[in-house]
Amino acid sequence: MNNSAGSVLRLGWAGLRALIVLSVLCGVIYPLAVMGIGQAAFHNKANGSEIKENGKVVGSSLIGQRYDLPLKKGQETPAPDLKWFQPRPSNGLGENSVNTRYTLILSGATNLAGDSKDLIKQVTDAKAAVIKDNSTPGYTVKPSAVPADAVTSSGSGLDPSISPQYAQLQAHRVAEKNHLTLAQVEKLIDKNTVGRTLGFIGEPQVNVLKLNIALRELAG
């Protein structure tokens, strides 16, 4: 009986020591080591790929955001502020989902089929809005010039970037609203266009937040 009690105590003490050692190793030392490496070698990525303007964090290069006018009385959704470059649609899960305004509660792609009447209506309405918003005196957007990312959301619904084609389509409107020349705005787009990774992975893209920060500096 005494031997059995002694064995239990020895096993219990051994288990407790293992628990303490592993808790310190896995719960303190390892996390601190990983955090230290992340901060030292990948500081920006480890902190959420933050984008700062005048020393203030204004967003992340990985998460899209809207550029809207203040919500008016009677409006369900605010109108876009057309002096800024606009991102691609954010209703990744459909127009009635919780992720209609680039919120981080939930993200994901629409589950509507390609021949869905709801999806066709969303795309048709979005295309008409793009043409209307970006047509200026002396320049009318052609329906054939509207790229796919201007009327569809990304797989996550949170895409921070647009295609150079969509950015160029907005150039006339942005130039007019900010009293800039078209050449100035197009140069700004070219400067903020990122090519394919390693020259062959992905597609050229323009981060909308970075582009609008550069636009603010130019127009200001």
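Derivation of every value follows stated rules applied to the coordinates shown; laboratory data play no part. Since the structure is predicted, the reported quantities are computational estimates derived from the model, not experimental observations. Quick reminder, even Gly has a Cβ in these numbers, built from the backbone with ideal geometry, and neighbours come from all protein chains shown.
Mind checking the angle between helix 2-24 and the chain's longest principal axis? C-alpha axes, 0 to 90 degrees, to the nearest 10. Taking the Cα atoms of the chain, the angle to 2-24 is about 30 degrees. Proximity of backbone amide H atoms, modeled 1.01 Å from N, is registered between E53 and V58 at under 5 Å, excluding neighbours fewer than 5 places apart on the same chain. In the chain, taking the dipole from charged Cβ atoms about the Cα centre, the farthest positive-side position among G6, P31, W84 is held by G6. If you plug the beta carbon distance of D190 and D125 into 1/(1 + (r/R0)^6) with R0 = 22 Å, you get a FRET efficiency near 0.10. Look at the dipole of the chain built from charges on Cβ: of I213, A113, Q168, the Cα furthest out on the positive end belongs to I213. Axis of helix 208-219 versus longest Cα principal axis of the chain: the two differ by about 50°, to the nearest ten degrees. Given +1 at the Cβ of Lys and Arg, -1 at the Cβ of Asp and Glu and no other charges, the dipole of the chain around its Cα centre is 380 debye to the nearest 20. Ellipsoid semi-axes for segment 2-45, based on the Cα gyration tensor and the rule √(5λ), read 40, 5, 4 Å when sorted largest first. Determine the relative contact order of the chain: mean sequence separation of Cα pairs under 8 Å and six or more apart, normalised by residue count, in whole percent. Normalised by residue count, the contact order of the chain is 18 percent. Just to verify a number: FRET efficiency for V28 and R66, C-beta to C-beta distance, R0 = 35 Å, to 0.05? About 0.30, to the nearest 0.05. Cross-link partners for K210 among the lysines, with Cα-Cα distance under 20 Å and sequence neighbours closer than 8 places in the same chain left out: K45, K52, K56, K83, K177, K187, K191. Shown for F42, F200: other C-beta atoms within 10 Å of each C-beta, ranked fewest to most, produce the order F200, F42. Overall, the anisotropy analysis places segment 50-219 in the rounded class: the square-rooted eigenvalues a ≥ b ≥ c of its C-alpha gyration tensor yield a/c less than 1.5.
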